[in-house]
Amino acid sequence: AQSVTQLGSHVSVSEGALVLLRCNYSSSVPPYLFWYVQYPNQGLQLLLKYTTGATLVKGINGFEAEFKKSETSFHLTKPSAHMSDAAEYFCAVSSTSGTYKYIFGTGTRLKVLA
Amino acid sequence: NAGVMQNPRHLVRRRGQEARLRCSPMKGHSHVYWYRQLPEEGLKFMVYLQKENIIDESGMPKERFSAEFPKEGPSILRIQQVVRGDSAAYFCASSPPTFYEQYFGPGTRLTVT
């Protein structure tokens with residue numbers, strides 16, 4: 001069975017500081033991995049995804065994530081936080097075959113301090 | 001190409017009533033997924049459908065919940081005799097055949113009073 005753990009339900013950073021949101025997964029088969037952002041009362045927007053190939057993945061709004069198989073991690077980073085980055089972030093895993101249903105983490109709420 | 005559409009965006013029901021949530025997938029997408037987000041929680045998979053078939057309903061509550069995706073028209077998630085615990089945001093996602101990436105709709109926020 002697959003699972004996702006997001007460490008830290010709330011993270012606060014100062015504007016301009018590094019953003020690091022942690023995601024660890026469990027999967028018996030090579031997974032597909034995703035990061036989504038959700039603004040209040042809105043749907044989910046895809047930030048980036050890992051399927052195969054290069055393990056460092058670049059996404060929208062300056063975010064990137066690195067797939068580390070040995071650590072079963074897919075942490076999300078951004079060098080310099082902006083006020084508009086304040087939102088909830090979800091990591092998700094899906095299988096590479098079968099139903100492709102997503103298993104989501106419980107989310108990390110990012111707060112950016114002026 | 002319009003995105004995934006869900007309606008209504010907000011739905012208020014009294015306990016015991018029925019709720020019908022609709023999802024129109026993106027053009028060319030024949031796979032639909034439903035997820036539920038309870039307050040302050042992540043999204044939980046409910047059901048995966050293809051046209052006229054339920055493929056995986058392992059996340060659906062055993063009673064009162066049903067889903068369909070007819071040959072024509074939107075996918076429907078139906079909740080009978082709603083209870084306060086059904087209050088949540090329900091998201092639909094669609095994908096084309098044999099493709100892993102899902103595109104999410106804006107969600108329907110159900111409030112049971």
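The values are calculated or read from the model by the stated rules, or taken from the named source; none is laboratory data. Predicted model only: the values in this text are computed from it and were never measured. As a convention, Cβ positions derive from the backbone with ideal geometry for all residues, glycine included, and neighbour counts pool all protein chains shown. The accessibility values were calculated without ligands, DNA or RNA, using every heavy atom of the protein model including side chains. Shrake-Rupley method; radii C 1.70, N 1.55, O 1.52, S 1.80 Å.
Okay, here's what the table says:
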item	result
Condition met for B:Ile76 (at pLDDT 95 or above, closer than 26 Å to B:Ala2 by Cβ and β-branched (Val, Ile, Thr))	yes
Hits in region A:85-114 (condition: touching a helix residue (DSSP H, G or I) at 6+ places or on another chain (Cβ under 8 Å) and at pLDDT below 95)	A:Ala114
A:Tyr100, sole failed condition from (1) more than 14 Å from chain B (Cβ to nearest Cβ); (2) open to solvent by 10 Å² or more (accessible area, probe 1.4 Å); (3) not in a strand (DSSP E or B)	(1)
Some residue of region A:65-77 being among the β-branched types (Val, Ile, Thr), within 14 Å of chain B (Cβ to nearest Cβ) and out of contact with any helix residue (DSSP H, G or I) (no Cβ under 7 Å at 6 or more places or on another chain)	no
Residue list for region B:31-42, restricted to those being part of a loop (DSSP other than H, G, I, E, B) and more than 9 Å from chain A (Cβ to nearest Cβ)	B:Leu38, B:Pro39
Unmet criterion (only one of (1) within 26 Å of B:Ala88 (Cβ to Cβ); (2) open to solvent by less than 70 Å² (accessible area, probe 1.4 Å); (3) within 12 Å of another protein chain (Cβ to nearest Cβ)) for A:Gly8	(3)
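Residue by residue, here is whether (1) within 14 Å of another protein chain (Cβ to nearest Cβ); (2) within 18 Å of B:Ala88 (Cβ to Cβ); (3) touching a helix residue (DSSP H, G or I) at 6+ places or on another chain (Cβ under 8 Å) holds:
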residue: B:Asn7; (1), (2), (3): yes, yes, no
residue: B:Cys23; (1), (2), (3): yes, yes, no
residue: B:Met26; (1), (2), (3): yes, no, no
residue: B:Lys44; (1), (2), (3): yes, yes, no
residue: B:Val47; (1), (2), (3): yes, yes, no
residue: B:Lys51; (1), (2), (3): no, no, no
residue: B:Ala67; (1), (2), (3): yes, yes, no
residue: B:Ile76; (1), (2), (3): no, yes, no
